[in-house]
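Colleague: If you scroll down you'll find the structure; I have some questions about it.
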Amino acid sequence: MELINKSIKLQEVLNEYRSKGKTIGFVPTMGALHSGHVSLVKQAKEKCDVVVVSIFVNPTQFNDVKDLEKYPRTLERDMVLLEGFCDVVFFPETPEEVYGKEMILKDYDFDGVDKVLEGEFRPGHFKGMANVVSKFFDVIEPDFSFFGLKDYQQYLLVKKMVKLDKHKTQIIGCDIIREPNGLAMSSRNERLSADARDAASVIKYTLDYCSKYYAYFDIEEIQAKAKNMIEGILEVEYLEFRNANTLQLIKEDEEMDGFLVCFAGYIEDVRLIDNIVVTL
Ligand code: AMP
């Protein structure tokens, strides 16, 4: 496994692989890796000859400077977790290496998909995310790129960005990896007490309840019921049923391929998100 800090060097190495007919898979991350990230890397290795993992804490997608400063940086441990599944780790040491001297961000028209849910609670987050991922696609030109469905809205927006910027990569959405009790894996889980981790299993329990029993209720009714199941254990920021393609609220008798039940909320001051996709 090779550790590379410079975009130019990365392009050289990847061109060499490409000239030998190798396919390239890409997994962007911000480091502090756990089994959720590793599952993406394993899927990339199954599908592609060469796997590139980027580790870059992208400043432009943080709306809170303190959050950016607090973000865990654990390169050595990350490298140990990646060994055996990853060929190249791209670890730009400065934002300039990714953005160039002037950090000019592009505005995307995402048809409103970036304005709701996480977009509402984390202003600027998706603009920063889309810009950095597009920069990585320019440098790496991956055949396939792997994104976790835990960040479902991000997955939809990356697919839109790929169309708008005419990248050639195919986006693969990867299932959410969970703790044994159902809690979606996240580097933020480390900040929870054992009791809170236990209690947070109510999120998956409630999402499962929604996916099993939605047909027995009106949306408002089941939404209220689900919120009730969680409130008291976590502080709910949102728990909503949304159209799985547009992320807009579902209208009565709306025709759709599927819906998303999505959650964001706090326990012990740690913000957790989770979702479940129900295909119709
Ligand atoms: P991050 O480092 O948080 O930006 O995440 C990098 C990638 O890992 C994103 O595509 C996430 O959606 C994905 N990811 C994070 N946690 C999980 C998980 N528990 N299961 C599946 N994918 C995940």
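The values are calculated or read from the model by the stated rules, or taken from the named source; none is laboratory data. Not measured: the values here are computed from a predicted model. Glycine also receives a Cβ, built like all others from the backbone with ideal geometry; neighbour counts cover every protein chain displayed. Heads up: the accessible areas ignore ligands, DNA and RNA and are worked out on the full protein's heavy atoms, side chains in. Shrake-Rupley method; radii C 1.70, N 1.55, O 1.52, S 1.80 Å.
Colleague: Only one residue in Asp114, Asp109 is of a type outside the set (Phe, Trp, Tyr), away from the ligand (no atom under 15 Å from the Cβ) and open to solvent by 70 Å² or more (accessible area, probe 1.4 Å), so which one is that?
Modeller: Only one candidate qualifies: Asp109.
Colleague: Within the range 1-35, which residues are within 26 Å of Leu183 (Cβ to Cβ), in contact with a strand residue (DSSP E or B) (Cβ under 6 Å, 6 or more places away or on another chain) and among the small types (Gly, Ala, Ser)?
Modeller: Result: Gly31, single match.
Colleague: Could you go through the range 43-60 and let me know if any residue there is surrounded by 20 or more Cβ atoms within 10 Å (Cβ to Cβ), at pLDDT 95 or above and on the phi > 0 side of the Ramachandran plot.
Modeller: no
Colleague: Only one of (1) assigned to a helix (DSSP H, G or I); (2) within 25 Å of Gly173 (Cα to Cα) is not met by Glu16, so which one is it?
Modeller: Tallying (1) assigned to a helix (DSSP H, G or I); (2) within 25 Å of Gly173 (Cα to Cα), Glu16 fails exactly one: (2).
Colleague: On to the next question. Please report, ordered by residue number, the helices (runs of 4 or more DSSP H) entirely within the range 51-153 with at least 2 residues that are more than 19 Å from Glu2 (Cβ to Cβ).
Modeller: Counting at least 2 such residues, we get 65-70, 95-99, 118-121, 125-140.
Colleague: Identify, by number, the condition in (1) within 22 Å of Phe56 (Cβ to Cβ); (2) touching a residue at least 60 places away in the same chain (Cβ under 8 Å); (3) more than 14 Å from the ligand (Cβ to nearest atom) that Ala199 doesn't meet.
Modeller: (1)
Colleague: I would also like to ask the following. Please note which helices (runs of 4 or more DSSP H) are completely contained in the range 176-280 and include at least 2 residues that are among the basic types (Lys, Arg).
Modeller: Values: elements: 194-199, 202-213, 219-230.
Because the criterion is at least 2 residues that are among the basic types (Lys, Arg), the helices (runs of 4 or more DSSP H) in the range 176-280 that meet it are 202-213, 219-230.
Colleague: Using beta carbons and a limit of 7 Å, which pairs, at least six apart or on different chains, have the first residue in the range 17-34 and within 11 Å of the ligand (Cβ to nearest atom) and the second one basic (Lys, Arg) and part of a loop (DSSP other than H, G, I, E, B)?
Modeller: Listed pairs, sorted by first residue: Gly31/Arg73.
Colleague: Given the conditions (1) among the hydrophobic types (A, V, I, L, M, F, W, C); (2) near the ligand (Cβ under 10 Å from one of its atoms); (3) open to solvent by 30 Å² or more (accessible area, probe 1.4 Å), report the number of the one that Phe146 does not fulfil.
Modeller: Every condition holds for Phe146 apart from (3).
Colleague: Which condition does Ile140 not pass, out of (1) within 13 Å of the ligand (Cβ to nearest atom); (2) touching a helix residue (DSSP H, G or I) at 6+ places or on another chain (Cβ under 9 Å); (3) open to solvent by less than 40 Å² (accessible area, probe 1.4 Å), if it passes all the others?
Modeller: Looking at each condition in turn, Ile140 falls short on (1).
Colleague: For residues that are part of a loop (DSSP other than H, G, I, E, B) and open to solvent by 40 Å² or more (accessible area, probe 1.4 Å), scanning just the range 154-175, find the one that is farthest from the ligand (Cβ to nearest atom).
Modeller: Applying the filter and picking the extreme gives Lys166.
Colleague: Now for a different question. As an exercise: evaluate Asn63 against (1) open to solvent by less than 70 Å² (accessible area, probe 1.4 Å); (2) in contact with a Lys or Arg (Cβ under 8 Å, 6 or more places away or on another chain); (3) closer than 30 Å to Glu179 by Cβ and give the number of the one condition it does not meet.
Modeller: Checking Asn63 against (1) open to solvent by less than 70 Å² (accessible area, probe 1.4 Å); (2) in contact with a Lys or Arg (Cβ under 8 Å, 6 or more places away or on another chain); (3) closer than 30 Å to Glu179 by Cβ, the one that fails is (1).
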